[in-house]
1. State yes or no: is LEU201 in the same structural domain as TRP251 (by TED's automatic domain parsing), under 12 Å from PHE109 (Cα atoms), in contact (Cβ under 8 Å) with a residue 24 or more places away in the chain and in contact with a Phe, Trp or Tyr (Cβ under 6 Å, 6 or more places away or on another chain)?
2. Report yes if some residue within the stretch 133-152 is more than 18 Å from GLN79 (Cβ to Cβ), under 15 Å from the mean Cα position of the chain (by Cα) and among the β-branched types (Val, Ile, Thr); otherwise report no.
3. Being among the β-branched types (Val, Ile, Thr) and within 21 Å of ILE202 (Cβ to Cβ) narrows it down to one of VAL119, VAL129, so name that one.
4. Being aliphatic (A, V, I, L, M) and free of Cβ contacts under 8 Å to residues at least 60 places away in the same chain is the filter here, so list the residues in the stretch 214-258 that pass it.
5. Consider PRO150 carefully, then state whether it is loosely packed, with under 15 Cβ neighbours inside 10 Å and either within 24 Å of ARG237 (Cβ to Cβ) or touching a His at 6+ places or on another chain (Cβ under 9 Å) (or both).
6. Do you know which of the residues in the stretch 1-33 that are at pLDDT 80 or above and among the aliphatic types (A, V, I, L, M) is nearest to LYS105 (Cα to Cα)?
7. Could you tell me how many of the residues in the stretch 91-109 are crowded, with 16+ Cβ neighbours inside 10 Å and either free of Cβ contacts under 8 Å to residues at least 12 places away in the same chain or part of a strand (DSSP E or B) (or both)?
Amino acid sequence: MEATMPTQRLNQLPDTVLSLIEKATGPVDDVRTLKAGRNSAVAARVYASDHALFVKGLPLDHPWVWTQKREADISPYVQDIAPKLYWHAEEDGWSLLGFEYVEGKHADFTPGSPDLTAVMASMTRLSQVPTPSTELKTMPHRLRSYVDDPAELAWFSGNSLLHTEWNPHNVLMTNREAMLVDWGASLGAAWIDPALWLLWLIAHDHSPAQAEAQAAVHPAWEHAPSAGLDALAHAQRRLWDSIADESTDDWAKPMQRAARAWGEYRTGRP
């Protein structure tokens with residue numbers, strides 16, 4: 001949900017990165033770079049002697065390197081719904097995270113998909129996670145540039161840990177459950193995650209009414225104030241207008257249309 005541009009993906013790992021991986025993991029048998037995702041310079045499946053890992057990373061001078069520490073800090077809280085973090089290395093110019101490698105497909109958000117129930121189950125479990133003690137951005141802070149009246153930001157306040165980045169590529173469907181990756185971890189009102197998810201449902205052919213019905217399964221939805229939802233819909237429309245104006249990603253325009261459709265549904269006007 002951040003208005004950011006993609007990070008260039010490296011097709012081959014630098015020797016310094018390979019050395020850091022071996023230092024953390026032991027001897028490496030094979031490395032395969034991956035194309036999925038957009039916010040990491042390094043994304044690779046690493047085969048060690050007795051297990052496989054997913055390694056992601058950014059140069060230490062990258063403007064978004066702080067997101068690596070954010071994911072490392074929340075990992076102990078979300079191990080039941082996210083791949084286990086084995087290690088976090090920061091040296092030789094790189095920040096690397098070594099995760100349990102999870103085999104799975106990206107979630108299907110289209111109407112009638114059997115994945116929707118599992119995604120909601122993981123989202124609901126996330127809402128039950130205790131507030132992390134680590135420092136995280138808040139939703140009022142993240143959305144401060146997208147509201148007309150700063151007083152509207154009070155609707156978004158809360159102490160619930162939120163994922164916020166509900167691109168289906170960030171949800172892996174395994175034989176166990178929906179596993180959440182690439183966190184935009186923030187603190188805010190618990191109803192915000194299902195509200196952000198419903199935008200992706202609209203972008204994948206749900207009507208706004210259908211998408212809200214799916215979001216309403218979340219236990220926090222009944223506590224979502226109508227004015228707060230209206231304010232979030234307006235903020236999301238402005239945010240996705242900003243992203244679509246800058247991004248060439250194939251999902252940016254559909255998300256812009258989804259945000260506009262939800263806003264029109266909430267207000268009854270274009």
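1. On the way: in the same structural domain as TRP251 (by TED's automatic domain parsing): yes; under 12 Å from PHE109 (Cα atoms): yes; in contact (Cβ under 8 Å) with a residue 24 or more places away in the chain: yes; in contact with a Phe, Trp or Tyr (Cβ under 6 Å, 6 or more places away or on another chain): yes.
Spelling it out, LEU201 is indeed in the same structural domain as TRP251 (by TED's automatic domain parsing), under 12 Å from PHE109 (Cα atoms), in contact (Cβ under 8 Å) with a residue 24 or more places away in the chain and in contact with a Phe, Trp or Tyr (Cβ under 6 Å, 6 or more places away or on another chain).
2. At the first step, the residues of the stretch 133-152 found to be more than 18 Å from GLN79 (Cβ to Cβ) are 135, 137-152.
Now drop any that are not under 15 Å from the mean Cα position of the chain (by Cα), which leaves 137-139, 142.
Now restrict to residues that are among the β-branched types (Val, Ile, Thr): 138.
Taking every residue of the stretch 133-152 in turn, at least one turns out to be more than 18 Å from GLN79 (Cβ to Cβ), under 15 Å from the mean Cα position of the chain (by Cα) and among the β-branched types (Val, Ile, Thr).
3. Details: VAL129 fails: within 21 Å of ILE202 (Cβ to Cβ).
One residue alone meets the criteria, VAL119.
4. Of the stretch 214-258, the ones aliphatic (A, V, I, L, M) are 215-217, 220, 224, 227, 229, 231-233, 235, 239, 243-244, 252, 255, 258.
The answer is ALA215, ALA216, ALA224, LEU229, ALA233, ALA244, ALA252, MET255, ALA258.
5. Numbers: loosely packed, with under 15 Cβ neighbours inside 10 Å: yes; either within 24 Å of ARG237 (Cβ to Cβ) or touching a His at 6+ places or on another chain (Cβ under 9 Å) (or both): yes.
Answer is yes for this residue.
6. Applying the first criterion (at pLDDT 80 or above) to the stretch 1-33 yields 13-33.
Within this subset, residues satisfying the condition of being among the aliphatic types (A, V, I, L, M) are 13, 17-18, 20-21, 24, 28, 31.
Details: LEU13: 24, VAL17: 27, LEU18: 27, LEU20: 28, ILE21: 25, ALA24: 27, VAL28: 25, VAL31: 20 Å.
The residue in question is VAL31.
7. Selection size over the stretch 91-109: 6.
Per-residue answers, yes or no, for (1) in the same structural domain as SER186 (by TED's automatic domain parsing); (2) surrounded by 15 or more Cβ atoms within 10 Å (Cβ to Cβ):
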| site | (1), (2) |
| --- | --- |
| SER40 | no, yes |
| ASP73 | no, yes |
| GLN79 | no, no |
| PRO111 | yes, no |
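The values are calculated or read from the model by the stated rules, or taken from the named source; none is laboratory data. What you see is a predicted model; the values in this text were computed from it and never measured. Note that each Cβ is placed from the backbone with ideal geometry, even for glycine, and that neighbours are counted across all protein chains shown.
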